[in-house]
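Report on one structure; see the data block that follows.
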Amino acid sequence: SAYSAVNQGHCHPKIVNAMMEQAKTLALTSRAFYNDKLGVYEKYVTEYFGFDKVLPMNTGAEAVETALKICRKWAYEKKGIAENQAQIIVCENNFHGRTTTIISFSNDENARKNFGPYTDGFIKIAYDDLDALEHAITSSKNIAGFLVEPIQGEAGVYVPSEDYLAKAKALCEANNVLFIADEVQTGIARTGSLLAVCGNCTCEAKCEKQPSYVQPDVLILGKALSGGAYPVSAVLANNEIMNVIKPGQHGSTFGGNPVAAAVAMAALDVVNEESLSQNARVLGKLFRSELQKYIDTSSIATLVRGKGLLNAVVINDTEESDTAWNICMALRDNGLLAKPTHGNIIRFAPPLVMNEEQLLDCVSIIIKTLKQFEK
Ligand code: PLP
């Protein structure tokens, strides 16, 4: 699915048609002028996800940058942090994109090395560690936000403990710190609910009324927001946060352009119309249980983990090995495309439109391939 972008399937006719129709009508206007698509999209997307406002951007990294800027501005103008003192807490092994600021708080040497000097203002803590979060939040009055992936995707599909997100949100709320969820990879039905912060809720939209829903103060979306057809990303927040950004203070030539708006609405329609969350949830369970049966007797695969159709298989070798890569090459030869996230982790993130027969086909290719590598 191109790193969880093509959740709705490649070249989905509804999305492609929306893109072509809009491209033939009006592709781009200055954001200083109104057009007949952006407002409709803003209403649609804010109602869909249950927020007052959206700030449209293009790529995931731009949306993360936007969220960081909103968080800092909120910290100075609403929380009263002294100028240039705001700190944002992030997690070890995060992946939020590739801009200079974002790689400043990465601990992946590949992403960082020789791209310095780096941006200040970030505190890194262990993922899925509430004590570390509490300590960091309470250690300074300058904490503005906590930026977190509800499941760490690029790190190797690390699903945190059941109550991690809810308790992290509660800690943020108690300390007037913004809870910023980066759902660029986990969002839009990928993990078996509309958003990973929806927890166990299976409805396709407006999950905020469900008990398991953890409401982010700032929600970051990208990738499958367009079904992978076009670069569309978004930051959503309520007025008391989003309104710190005034016209002219942040933006992008292409952000929220009419084609992007039309494509995103079609892509989100598809999520609802084709019950993609439900499908991801059901097929994800099947994927893990079928693979687990093999893993129980395997010498090459040690575990399968994930949620919905965002899963990883861990290989019995070191992080530095090239075994996962070699297995991916063999998977390719056997007819299935997947990519390692590390030397010993393979991520499986197919489009969410697949059916049970296709999924079981994939499972049999994966098992057949892994067997080739058994010692
Ligand atoms: N945030 C997360 C959680 C991601 O997984 C990614 C990309 O993989 C990004 C942000 C960056 O998105 P983009 O590559 O569109 O800039």
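The values are calculated or read from the model by the stated rules, or taken from the named source; none is laboratory data. None of the values given here were measured: they were computed from a predicted structure. So basically every Cβ, Gly included, is an ideal-geometry build from the backbone, and we count neighbours across all protein chains shown. Areas reflect the complete protein model, heavy atoms only, side chains present, ligands, DNA and RNA absent. Shrake-Rupley method; radii C 1.70, N 1.55, O 1.52, S 1.80 Å.
A few remarks follow.
- Inter-site label distance for Gln215 and Lys371 at 7 Å from Cα along Cβ, in nm: 5.2
- Euclidean distance between Cα centres, segment 63-120 to segment 131-162, Å: 13
- Solvent-accessible heavy-atom area per residue, rounded to whole Å², over segment 1-79 at 1.4 Å: 50
- If R0 is 45 Å, the Cβ-Cβ spacing of Asn200 and Ser30 corresponds to a FRET efficiency of close to 0.55.
- Here segment 276-366 has 51 percent of its accessible surface on carbon and sulfur atoms, given a 1.4 Å probe and all protein chains in place.
- Calculated accessible area for segment 286-349 comes out at 43 Å² per residue, all protein chains present (probe 1.4 Å; ligands, DNA, RNA ignored).
- Taking every DSSP helix (H) stretch of at least 4 residues in the chain, weighting each as -39,500 (n - 2.57) and dividing the sum by the residue count yields a mean residue ellipticity at 222 nm of -11000 deg cm²/dmol.
- Accessible area (Å², per residue) of segment 156-253, counting only protein heavy atoms and a probe of 1.4 Å: 35
- Sum of side-chain charges, His250 neighbourhood, beta-carbon under 14 Å (Lys, Arg +1; Asp, Glu -1): +3
- Estimated FRET transfer efficiency (Glu319, Thr297; beta-carbon r; R0 25 Å; 0.05): 0.55
- Measuring nothing but how far apart in sequence close Cα pairs (under 8 Å, 6+ apart) lie, relative to its length, segment 215-373 scores a relative contact order of 17 percent.
- Straight-distance candidates among the lysines for linking to Lys375, with alpha-carbon spacing under 19 Å and chain neighbours fewer than 8 residues away dropped: Lys293.
- For segment 59-215, the antiparallel share of DSSP beta bridges with both residues in that region comes to about 10%.
- Greater than 29 Å apart at Cα, pairs in Lys167/Lys371; Lys24/Lys73; Lys167/Lys307: Lys167/Lys371; Lys24/Lys73
- Neighbour-limited loop hits for GluC sites (Glu not before Pro), segment 1-96 (at most 14 other Cβ within 10 Å; DSSP other than H, G, I, E, B): Glu83
- Within the accessible area of segment 158-199 (1.4 Å probe), percent carbon and sulfur: 52
- Flagged links, alpha-carbon separation over 27 Å, of Lys223/Lys368; Lys14/Lys223; Lys69/Lys113: Lys223/Lys368
- Two-site FRET efficiency, Glu173 against Asn84, from Cβ-Cβ distance with R₀ of 25 Å, rounded to 0.05: 0.50
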